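K.L.:
This structure is in structure tokens; I'll ask about it shortly.
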């Protein structure tokens with residue numbers, strides 16, 4: 001190999017070292033030349049050469065990071081800044097090149113970003129932002145942006161107030177490109193460290209919004225990036241933006257023109273401001289305007305933010321959900337979900353998955369066709385797998401999606417059952433995130449409602465034990481969902497299932513729930529009783545047997561006029577009583593002899609609730625039912641009822657305003673004849 | 001010449017001084033300025049600005065750097081161009097891996113052109129191979145470039161196109177576009193496309209109907225086919 005001469009090349013001027021000399025040089029040697037004691041001119045040429053070596057070349061970055069180049073370069077920067085006097089030309093160049101080099105090391109190589117953060121260069125770079133030399137400011141801002149956009153950005157310490165203030169001061173610069181760089185960094189400060197309110201306290205949002213009016217597209221984009229980050233889930237700042245009509249109309253214009261990345265950024269901003277709770281009507285209307293744009297973006301590019309924007313836009317808006325379904329959004333989202341591993345860079349995949357699952361979940365919440373689409377596109381297995389994802393947010397999104405799908409009986413009986421959703425779903429009942437627990441228990445409510453094999457599976461997998469545990473939770477929503485699920489599990493269940501449920505739930509716990517402080521939980525507990533006593537005499541027996549009729553006396557208390565129970569609770573309690581009355585003579589007589597009967601009479605007289613009157617009429621029908629073999633005891637009950645004034649009461653109800661009531665009353669009166 | 005560029009007073013271009021298509025002169029001037037700026041004719045742009053009063057958002061100083069960079073690639077001094085573009089904005093080559101590969105490839109081509117075979121091999125191994133490894137899409141081009149070394153006289157080889165002026169030109173304009181993009185300027189001047197569009201429209205018109213219209217026959221002078229209707233575009 002020929003040996004080449006070292007030194008400046010003829011074409012590049014004194015500062016330039018041709019690559020040939022550099023290739024030969026060991027990285028170690030180069031790093032040595034950056035260290036202390038080397039004359040500045042030499043240091044300068046080596047640093048420039050190093051910069052040119054590593055920019056765009058990950059392999060070279062790796063080699064130099066391993067040789068300790070990052071420490072050496074950040075030392076150069078620190079030493080230069082420590083000098084009290086102003087910079088001479090060489091020092092200025094050294095500072096600019098060290099900033100550029102540190103920026104490049106942060107970009108595309110995790111190890112590099114780590115080394116830069118460890119070297120403590122962030123403090124020096126932020127200090128440079130305050131320089132009077134615009135070249136230094138630009139170099140520092142660019143390096144900081146690369147660092148804040150790096151894969152290790154989440155490990156950065158939050159920027160100090162003074163650094164934030166310096167960044168905000170760059171926003172009105174005449175050099176708009178540097179202003180844009182500053183806006184991008186501020187956006188990251190919001191995303192990573194949640195510093196939006198801090199930025200706003202220095203008047204940052206107003207300054208950022210001015211960038212939206214820039215003629216330079218990159219600057220507009222950086223401005224929108226920052227506006228989107230600042231207004232996301234921040235009502236106060238979102239309102240601040242929505243009050244600025246110029247900003248809103250610029251955003252709207254940008255959402256309809258320009259490149260897809262510009263459109264998406266504008267959509268993110270408008271979504272943030274238009275989905276705030278209690279947004280003004282004209283701002284909320286923008287959601288409708290935006291929907292076609294977002295759907296189109298979904299068709300065009302696999303951009304990680306699109307599913308999230310769509311999900312937020314559709315949240316709580318059935319009409320928009322329907323439009324999204326009609327625009328084929330479900331197929332596009334599901335197709336993307338199935339091929340997600342390849343479509344986005346690794347660090348974005350969790351985020352994309354979360355967005356896709358949430359969007360699918362929201363669109364299919366009220367739409368059976370949408371659920372069917374997901375099944376037909378074979379999305380179920382992937383969704384069920386996502387319930388086991390290591391990422392908490394993906395699990396929550398998958399759970400939301402499963403909840404929507406579980407509203408479809410067809411899905412439960414076929415694909416959800418086949419995909420064995422019960423296993424992962426049950427483990428989510430003990431998920432560390434309460435949000436996930438709540439959604440999982442709500443999903444379970446739907447799953448166990450009507451399909452016996454699913455009930456069996458969930459029982460066998462210890463699902464009721466988990467639910468029983470949750471029914472003791474301090475979180476009233478968890479108590480509600482778990483009792484609800486148990487109630488659904490018991491709905492039309494056979495005796496074996498009922499027995500096993502009660503083994504897990506236990507009678508004392510049922511009594512506790514019947515006395516719960518939350519009326520909604522109480523209702524579910526009463527319905528558990530109602531479902532338990534539905535069916536045959538053998539179903540009724542254990543309920544009335546327990547502690548000599550403890551359950552009955554609770555029902556009695558819930559029905560007494562002094563209890564203050566709501567009409568709903570009383571209705572379910574009356575139906576429970578009615579179910580008991582369909583049992584043996586012994587069961588019927590237990591009711592006849594209890595105080596419940598007078599409450600039933602009260603319910604017949606309740607003018608507010610026709611449901612309550614129907615339920616009460618059912619009690620009478622069951623009590624007066626004549627079995628062919630034992631008419632005598634029925635006659636005795638009828639006599640007792642007549643004495644209590646039931647017949648007269650029923651007679652007075654023959655023209656009840658509710659047709660349901662009328663039919664039941666006529667049927668009940670037949671027994672008295 | 002001065003007259004040709006000079007700006008009319010306010011409002012004066014609305015009536016008689018319009019071109020036949022009703023294009024305002026300020027607009028024409030802006031198009032011309034756009035051409036100078038994008039193509040990098042700094043001196044012409046400066047002179048035009050002085051004479052016609054047409055302003056540009058673009059800092060003319062940055063054009064100078066851009067032209068030096070472009071010329072460096074055209075002359076085969078790719079390292080020099082890389083150094084300069086990193087001075088201008090280090091993010092350009094950082095984020096555009098395709099452009100970066102093409103520049104490194106051009107460096108290899110220049111080494112081969114200078115018949116520095118050892119250096120070329122070393123360079124390919126140390127600089128280009130890792131890029132190919134990270135992005136397999138580059139491998140084919142890399143192989144084609146290395147094929148230059150296999151021929152005794154690469155200039156008559158099937159891959160001789162790599163050694164042509166065209167190749168340098170391509171790399172130069174790719175880099176030029178990237179710089180323009182980083183500065184938020186248009187990657188191409190508007191004028192050539194407008195002329196293409198005009199030519200296409202005229203052809204379509206000729207295909208579709210026989211109706212006469214002021215067809216531009218000579219694109220250099222702007223002379224139209226129907227002299228009777230011709231109005232001078234500029235006085």
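The values are calculated or read from the model by the stated rules, or taken from the named source; none is laboratory data. Computed from a predicted model, the values in this text were never measured in an experiment. All Cβ positions, glycine included, derive from the backbone under ideal geometry; neighbour counts span all protein chains shown.
K.L.:
Being closer than 18 Å to residue B:187 by Cα, in a helix (DSSP H, G or I) and either at pLDDT 90 or above or away from chain A (no Cβ under 11 Å) (or both) narrows it down to one residue among B:110, B:49, B:61; which is it?
P.N.:
One residue alone meets the criteria, B:61.
K.L.:
Only one of B:118, B:153, B:96, B:161 is surrounded by fewer than 20 Cβ atoms within 10 Å (Cβ to Cβ), within 14 Å of chain A (Cβ to nearest Cβ) and over 22 Å from residue B:68 (Cβ atoms); which?
P.N.:
Criteria check complete, one pass: B:118.
K.L.:
Mind counting the residues in the stretch A:57-88 that are within 14 Å of chain B (Cβ to nearest Cβ) and either touching a residue at least 24 places away in the same chain (Cβ under 8 Å) or part of a helix (DSSP H, G or I) (or both)?
P.N.:
Total meeting the criteria: 8.
K.L.:
If you scan the stretch A:169-197, which residues turn out to be in a helix (DSSP H, G or I), away from chain B (no Cβ under 13 Å) and surrounded by fewer than 21 Cβ atoms within 10 Å (Cβ to Cβ)?
P.N.:
A:169, A:191, A:192, A:193, A:197, listed by residue number.
K.L.:
Still on this structure: Which of (1) over 24 Å from residue B:62 (Cα atoms); (2) assigned by TED's automatic domain parsing to the domain that holds residue B:77; (3) part of a helix (DSSP H, G or I) does residue B:195 not meet, given it meets every other one?
P.N.:
(2)
K.L.:
State whether the residues of the stretch B:131-141 include one that is within 11 Å of another protein chain (Cβ to nearest Cβ), buried (at least 18 other Cβ atoms within 10 Å of the Cβ) and under 15 Å from residue A:53 (Cβ atoms).
P.N.:
Within the stretch B:131-141, one or more residues are within 11 Å of another protein chain (Cβ to nearest Cβ), buried (at least 18 other Cβ atoms within 10 Å of the Cβ) and under 15 Å from residue A:53 (Cβ atoms).
K.L.:
Moving on to the next point. Could you check, for the stretch A:158-165, whether at least one of its residues is over 28 Å from residue A:85 (Cα atoms) and part of a helix (DSSP H, G or I)?
P.N.:
No, there is no match, as no residue in the stretch A:158-165 is over 28 Å from residue A:85 (Cα atoms) and part of a helix (DSSP H, G or I).
K.L.:
For the stretch A:428-465, which residues satisfy the criterion of being buried (at least 23 other Cβ atoms within 10 Å of the Cβ) and farther than 18 Å from residue A:402 by Cα?
P.N.:
A:464
K.L.:
Quick check: anything in the stretch A:108-115 more than 14 Å from chain B (Cβ to nearest Cβ) and buried (at least 19 other Cβ atoms within 10 Å of the Cβ)?
P.N.:
yes
K.L.:
Which members of the stretch A:37-56 meet the condition of being part of a loop (DSSP other than H, G, I, E, B) and facing chain B (nearest Cβ under 9 Å)?
P.N.:
Residues satisfying the conditions are A:55, A:56.
K.L.:
Filter the stretch A:204-224 for residues that are in contact with a helix residue (DSSP H, G or I) (Cβ under 7 Å, 6 or more places away or on another chain) and either assigned to a loop (DSSP other than H, G, I, E, B) or without any contact (Cβ under 8 Å) to a residue 12 or more places away in the chain (or both); which is farthest from the other protein chains (Cβ to nearest Cβ)?
P.N.:
Ranking the qualifying residues of the stretch A:204-224, first place goes to A:214.
K.L.:
Here are some residues: B:205, B:175. Which one is assigned to a helix (DSSP H, G or I), touching a residue at least 40 places away in the same chain (Cβ under 8 Å) and either within 14 Å of chain A (Cβ to nearest Cβ) or surrounded by 13 or more Cβ atoms within 10 Å (Cβ to Cβ) (or both)?
P.N.:
Answer to the selection: B:175.
K.L.:
Within the stretch B:65-92, can you find the residues that are within 24 Å of residue B:41 (Cα to Cα), facing another protein chain (nearest Cβ under 10 Å) and assigned to a helix (DSSP H, G or I)?
P.N.:
Scanning the stretch B:65-92 gives B:72, B:78, B:79, B:80, B:81, B:82, B:83, B:84, B:85, B:86, B:87, B:92.
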